[in-house]
Structures are given as structure tokens and as C-alpha cells.
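*Asks:* Dumping the structure here so I can ask a few things about it.
The values are calculated or read from the model by the stated rules, or taken from the named source; none is laboratory data. Keep in mind it's a predicted model, so treat the numbers as computed, not measured. For neighbour counting, all protein chains shown are included, and Cβ atoms are generated from backbone atoms with ideal geometry for every residue, glycine included. Side chains are part of the model used for accessible areas, which takes the heavy atoms of the whole protein and leaves out ligands, DNA and RNA. Shrake-Rupley method; radii C 1.70, N 1.55, O 1.52, S 1.80 Å.
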Amino acid sequence: MKLARLGVVVFVLLIANLVYASDWPQYLGPNRNAVSDEKGLMRSWPEKGPEVLWTIPLGKGFGGPAVSEGKVYIYDRVDNKENVLRCLDIETGREEWSFSNKVAGSYSFPGSRSVPTIDGNRIYVCDPFGNLHCLDKNSHQVIWHKNIWTDFGGGKLPRWVIAQNPLIFENRVILASQTQKAGVVAYDKQTGDLLWTTPPLPGKPGYVTPALVKISGEDHLVMISVDGVAGFDPRSGASLWSYDGWKCRIPVPNVTEIGDNRLFVTGGYNAGSAIIRIEKDGDTYVAKELLRSKEFGTHVHPPVLYKDHLYGHCSTNDVLDGMVSMDLNGTVKWKTKKAPLFERGGFILADDMIISVDGKKGTLYLIEPTPAGFKPLAKAKLLDTKESWAPLALSNGKLLIRDQKQMKCVLLK
């Protein structure tokens, strides 16, 4: 009898591990690169599209969901008056609890901006006004609170306010303040104590979150600003290298690692893209430019890398190239142009497929990534409003997508 009970316990633990192994606990997923390791997804859909498990109303916004241990966390903005972190059951969409911080104020393109970060029993959220909260996932209470803008002398907010997705590294939570007193800042994730700040970043504030990359096996923190790209030591905030050959007047997409110490940076507003290699020279690092291209420039989301080819949504305010495929030598393989446009929609790579939203029409696509040409496998009109630009989340075959009034959970297995 004891052996039987032990077997049941082991089975339950194994199932739990399988379930939670597919968590999407932060911006752009487990590795913050919009890539999922899930397998067994459907490669075609019924004529009416994949099953929608549930739909919930949301306020306007562009903040995407995170998923942890069967719960969905979405940071919502309601009526220009308050920011609400909502916790939902992923199976039913039922709201289990919420946390609200009331901050009145309006701004261009209203609504939410960021994705919650789940780390163990703690949740980190940053609102459009710079308020960074650390909450206990079980008690739902605030553990500590800072403001990444006003605490560092920030005055008038940027035009599109603050769009930071908290980054966890060891015992630190890292964000970009982008004030005249501090560029990037790191707090003790347990206490909220300030651990380090970098000097101010060049140019006006942008909308990029710091990213972690590996350079020759070492951790580098990469920050894209209006006037270039910089690498820092994530443990101390010390400057490691910088590159100013590429600039973007309003940077949004994160950096993409493409192997061999190479980084791909891209943006809208005719900024195009660049590939740089970070090389060690004695005790210092040097950023060497390998490629510049005007043929590939994503506006909101970083591209994904698949079999030495980059795929991204390159429709911006100035260029209507749709989804674009480009190899690492800068050769463009194809562009969808307006058929379809894929305007700023979120997308991820999973099970050797790209799952993508057309940000203008609200159509969800399943695409085989191949340099031979645009190859859609399935599509379904699932969202209703324009500006469906939020990042997506995938957990155990359940895809979470949103527009300006709702979020849907779509079954892809």
C-alpha cells in the first residue's frame, strides 16, 4: 500500500513538472527570445479555426500575458485611472485575484505597456508611469515598491510613457530608467534595495528592455538606446562595450542573439538593422560591425532566428514590407508586403512553426519558416480591433492573444 501511494505521489509530481515546464513566465517567454520548446502542436486547423477556450474583456493596451503554474498574469490599464494586475485560471479564464495601483493620467496610444515577470513566488510589474511593484504570488500583497523614473530625477514622461518588462538575473531585477541620472538600474529582487546604476544613456528615452546575452560563455547585459547599443556587466553595471554605428529615433525591439558572439539589432523609422560581433581584446571588449541593412527593420517585436534565417514583421510607419525572411549575410529571401501586412503583430517560434498575429486585421497565422517563400499552414480571424500589437504567450498548447478590448486563450494542441 505504501509503495502504491508513493507511486501516486511520484506520478503527480512528474505530471506537475511536465505542466510547469511549459510556463511562459516573462516577456518573450522562458528565454526572452520568443521561442518555445513545446512540441505536438497542430499543423493545420479546422475551417472555423482553432478552438477558443475563453475570452475576457480588457482595457486598451499593448501589454502581453505571462503564465506560471497554470495561472495567467496580465497587467491591465483601466479608464486612464488605474493599473490592474489580473490573475486568471488558464483553463477557464476565471479571475482569481487582482491587484490595483491607482495612477490617473492619459497619454498617446493609451493602455498597458508591459508583461509581468514571475520568479518563484514573486511577481514583478512596471506600470506606464515607472511604478515597479514586487508582489507575493500567494498573499497577493506588495513586498516592495520603487519608481524607476521619478526616483532618478525623471521629469516629463516620454511621449509613449514607460514600457519596461522586468528582467531577473541572479538576485537582481533590472530595468532601464533612462533618466538624466541613470540609464539602467538594478535592485535586489528580495528587498528592493538599489544595487547599481549605469551612467545615463545617450539620446532621448526609448522603449527597449535590457536583455541578457552570452558572449564567449559570459553574461552581458545589452541595452539598445536611441543612439546605439551598449553592453554592461549585469552583476555590477560596469560598462563593457558600446556600438554607435546603428541608431533608431524610437527603438522598441529587443536584441536577438544569432550565435558566434553576434547580435542582431533592428528598429523602425527607417533604422533598418545591423549585425555586430562582440570580440574580446585583452581585458576589454570591442563591438565589430559585420553588416548594415535597410531591407530588414522590425518596428515592435524582435525577429526570431530559425536555421540561420531571421523572420520578422517589417511593416513600420515608413515601410510596408510585411513579414520578411533574411539570411545572416543580409540577403533577403522574401517579403509578404501587404499580402499579408502583419502590421506590428506579436509572433513566436514553436515546434518548427511561426505563430503570428496580423496586428492590423487580427488574423492568427500558422507559418512554416522557410527561405523558399512565405508558406502559411493555417489562418483564422480571431481578434476584432486594430493595433493588436501585444507579445504572445504559449503554455502547454494554449496560446494567449489580445487586442484593444479582449484577451483570448486558443487551443493549439
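*Asks:* Which condition number in (1) in contact with a Ser or Thr (Cβ under 8 Å, 6 or more places away or on another chain); (2) of a type in the set (Lys, Arg); (3) under 24 Å from Leu85 (Cα atoms) is the one that Lys189 fails?
*Replies:* That leaves (1) as the condition not met.
*Asks:* Kindly indicate which of Pro166, Pro158 is in contact with a Phe, Trp or Tyr (Cβ under 7 Å, 6 or more places away or on another chain), touching a residue at least 24 places away in the same chain (Cβ under 8 Å) and buried (at least 17 other Cβ atoms within 10 Å of the Cβ).
*Replies:* Among Pro166, Pro158, only Pro166 is in contact with a Phe, Trp or Tyr (Cβ under 7 Å, 6 or more places away or on another chain), touching a residue at least 24 places away in the same chain (Cβ under 8 Å) and buried (at least 17 other Cβ atoms within 10 Å of the Cβ).
*Asks:* Now, a different point. Taking the stated definitions as given, is Ser239 touching a residue at least 60 places away in the same chain (Cβ under 8 Å) and hydroxyl-bearing (Ser, Thr, Tyr)?
*Replies:* Details: touching a residue at least 60 places away in the same chain (Cβ under 8 Å): no; hydroxyl-bearing (Ser, Thr, Tyr): yes.
No; evaluated as a whole, the condition is false for this residue.
Yes/no matrix, rows are residues, columns are (1) of a type in the set (Ser, Thr, Tyr); (2) open to solvent by less than 30 Å² (accessible area, probe 1.4 Å); (3) farther than 22 Å from Val161 by Cβ:
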| position | (1), (2), (3) |
| --- | --- |
| Gly203 | no, no, no |
| Ser216 | yes, no, yes |
| Asp233 | no, no, yes |
| Glu279 | no, no, yes |
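*Asks:* Name the pairs: first residue in the stretch 355-370 and open to solvent by 10 Å² or more (accessible area, probe 1.4 Å), second residue in a loop (DSSP other than H, G, I, E, B) and of a type in the set (D, E, K, R), Cβ to Cβ under 6 Å, at least 6 apart or on different chains?
*Replies:* Lys360/Glu343; Lys360/Lys386
*Asks:* Among residues belonging to the stretch 184-201 that are closer than 15 Å to Arg235 by Cα and within 23 Å of the chain's Cα centre (by Cα), point out the one that is surrounded by the fewest Cβ atoms within 10 Å (Cβ to Cβ).
*Replies:* Result: Asp188.
*Asks:* Any chance the stretch 206-213 includes a residue that's β-branched (Val, Ile, Thr) and either open to solvent by 30 Å² or more (accessible area, probe 1.4 Å) or not in a loop (DSSP other than H, G, I, E, B) (or both)?
*Replies:* Yes, some residue in the stretch 206-213 is β-branched (Val, Ile, Thr) and either open to solvent by 30 Å² or more (accessible area, probe 1.4 Å) or not in a loop (DSSP other than H, G, I, E, B) (or both).
*Asks:* Please verify whether Ile224 is open to solvent by less than 10 Å² (accessible area, probe 1.4 Å), within 23 Å of Asn270 (Cα to Cα) and of a type in the set (Val, Ile, Thr), treating the condition exactly as stated.
*Replies:* Judged against the criteria, Ile224 is a match.
*Asks:* Might you let me know whether the stretch 391-401 holds any residue that is within 22 Å of Gly29 (Cα to Cα), in a loop (DSSP other than H, G, I, E, B), at pLDDT 95 or above and open to solvent by 40 Å² or more (accessible area, probe 1.4 Å)?
*Replies:* Initially, the stretch 391-401 is screened for residues within 22 Å of Gly29 (Cα to Cα), giving 391-401.
Subset that is in a loop (DSSP other than H, G, I, E, B): 391-392, 396-397.
Then drop every residue that is not at pLDDT 95 or above, which leaves 391-392, 396-397.
Keeping just the survivors that are open to solvent by 40 Å² or more (accessible area, probe 1.4 Å) gives 396.
Looking for residues that are within 22 Å of Gly29 (Cα to Cα), in a loop (DSSP other than H, G, I, E, B), at pLDDT 95 or above and open to solvent by 40 Å² or more (accessible area, probe 1.4 Å), one finds at least one in the stretch 391-401, hence yes.
*Asks:* Quick one: in the stretch 37-88, of everything that is acidic (Asp, Glu) and farther than 23 Å from Pro369 by Cα, which residue is least open to solvent (accessible area, probe 1.4 Å)?
*Replies:* Filtering the stretch 37-88 for residues acidic (Asp, Glu) gives 37-38, 47, 51, 69, 76, 79, 82.
Now restrict to residues that are farther than 23 Å from Pro369 by Cα: 51, 69, 76, 79, 82.
Details: Glu51: 108, Glu69: 87, Asp76: 4, Asp79: 118, Glu82: 43 Å².
Among residues in the stretch 37-88 that are acidic (Asp, Glu) and farther than 23 Å from Pro369 by Cα, the one least open to solvent (accessible area, probe 1.4 Å) is Asp76.
*Asks:* For Arg172, are the conditions met, namely being under 17 Å from the mean Cα position of the chain (by Cα) and either open to solvent by less than 50 Å² (accessible area, probe 1.4 Å) or under 19 Å from Lys102 (Cβ atoms) (or both)?
*Replies:* no
*Asks:* Sticking with this structure for a sec: Would you pick out the residues in the stretch 217-236 that are touching a residue at least 60 places away in the same chain (Cβ under 8 Å) and on the phi > 0 side of the Ramachandran plot?
*Replies:* Listed by number, the list is empty, since nothing qualifies.
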